[in-house]
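Written out below as structure tokens is the structure these notes cover.
The values are calculated or read from the model by the stated rules, or taken from the named source; none is laboratory data. What you see is a predicted model, and the numbers here were worked out from it, not measured in a lab. All Cβ positions, glycine included, derive from the backbone under ideal geometry; neighbour counts span all protein chains shown. These accessible areas exclude ligands, DNA and RNA; they are computed on the full protein's heavy atoms, side chains included. Shrake-Rupley method; radii C 1.70, N 1.55, O 1.52, S 1.80 Å.
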Amino acid sequence: MTVRFSILGPVEVSVAGRPLPGMAPRHRGVLAHLLLNARTVLGAGQIIDAMWGPAPPDTARAQIHASVAAVRRVLRAAGAAELLQTRPAGYVMALEPGQLDLEDFGDRLREADRADDPAQAAERIRQALSLWRGRPLADVKADYAAGARVRLQERRLTAYEHLADLELSLGRHEQLVDELSALVAAHPLRERLTGRLMLALHRAGRQADALAAARGLRRALAEQQGLDPGREFAALEQAVLRDDPALAART
């Protein structure tokens, strides 16, 4: 049976779709860091730095050894103890293709980039996004986790923006509105995402709502960062305001 690892949400090890128990929060943190660096040997010192930053406890090395042993027990119970290997320089997760959701996410996005048909590319991106189960590394509290989450969330949002471009090119603006509205509500400072929502609303005949979305971004930027939107966003806002025919969907 194939063992699967998930970090695009709570950190999980599963077999045949069933999560395996047996890991404390610290163990999941060590496992997730090894998975983020799959096939790369990490020394104990590197893992300690990732877990605690500049102020590790005196027991840090012992805790890392205990965490690796705990992960190995879980993998042994799944018949996959060989995946976590000890090398002279440290530890490495020797994954096979298709065992980590993050790598599957990247694979689907690359398939989308290679697709000639926009509808097929959009479907590949939706398959990639379906792998997300909430906040990445949701149950990890290690020092490295915050930065890793930001990078992972950036990849997710960039994928949504690419998807929106494809769907808009296919004339699916009305179907996009609810999805983009939820994303903009969760990420109110993201200009490109708000711009795609504005365009979808405008093409759906909702100019007032499109302009309201623009005002929402302007207000959020001013209040939280003391900034104005960039030139591209301002140009789109003006085009929506004057109902520029160039914004119409191509048929």
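The table for this structure:
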item	result
For Thr2, solvent-accessible area (1.4 Å; no DNA, RNA or ligand), Å²	90 Å²
Mean ellipticity per residue at 222 nm, deg cm²/dmol - from DSSP H runs of n ≥ 4 across the chain, formula -39500 (n - 2.57)	-19000 deg cm²/dmol
About the Cα centre, charge dipole magnitude for the chain (Lys/Arg +1, Asp/Glu -1 at Cβ), debye	740 debye
Value of D in µm² per second that Stokes-Einstein yields for the range 56-176, Kirkwood Rh from Cα pairs, at 25 °C (0.890 mPa s)	142 µm²/s
Distance in nm between pseudo-label sites at Ala249 and Ser169 (7 Å out along the Cβ direction from Cα)	1.6 nm
Tilt relative to the chain, helix 25-36 - C-alpha long axis, 0 to 90 degrees, to 10	70 degrees
At R0 = 22 Å, FRET efficiency that the Cβ-Cβ distance of Val150 and Arg61 yields, to 0.05	0.20
Under Karplus coefficients 6.51, -1.76 and 1.60, residue-wise ³J(HN,Hα) of the range 181-188 in Hz, glycine/proline x	4, 5, 5, 5, 4, 7, 9, x
Heavy-atom accessible surface of the chain: percent carbon and sulfur, 1.4 Å	50 percent
Placed amide H near Ala138: partners under 5 Å, 5+ positions off or other chain	Gly9, Val11
The range 102-107 - phi-based ³J(HN,Hα) in whole Hz, Karplus 6.51/-1.76/1.60, Gly and Pro as x	4, 5, 4, 4, x, 4
Debye intensity ratio in log₁₀ form over the Cα atoms of the chain, taken at each q of 0.15 Å⁻¹	-1.02
For Leu189, residues with placed amide H under 5 Å, excluding near neighbours	none
Using a Förster distance of 30 Å, the FRET efficiency for Gln85-Asp178 (Cβ separation, nearest 0.05)	0.05
Accessible area expressed per residue, the chain, with surrounding protein chains retained (probe 1.4 Å, Å²)	51 Å²
The range 80-172: GluC sites (Glu not before Pro) falling in loop per DSSP and having at most 14 other Cβ within 10 Å	none
Listed residues Val68, Ala138, Ala121: farthest to the positive end of the dipole of the chain (Cβ charges)	Val68
Trypsin sites (Lys or Arg not before Pro) restricted to DSSP loop in the range 70-171 with at most 14 other C-beta within 10 Å	Arg133, Lys141
For the range 137-193, convex hull volume per residue from C-alpha positions, Å³	87 Å³
FRET efficiency, 1/(1 + (r/R0)^6) with R0 41 Å, evaluated for Ala204 and Glu96 via beta carbons	0.35
Convex hull volume of the range 130-251 per residue (C-alpha atoms, cubic angstrom)	113 Å³
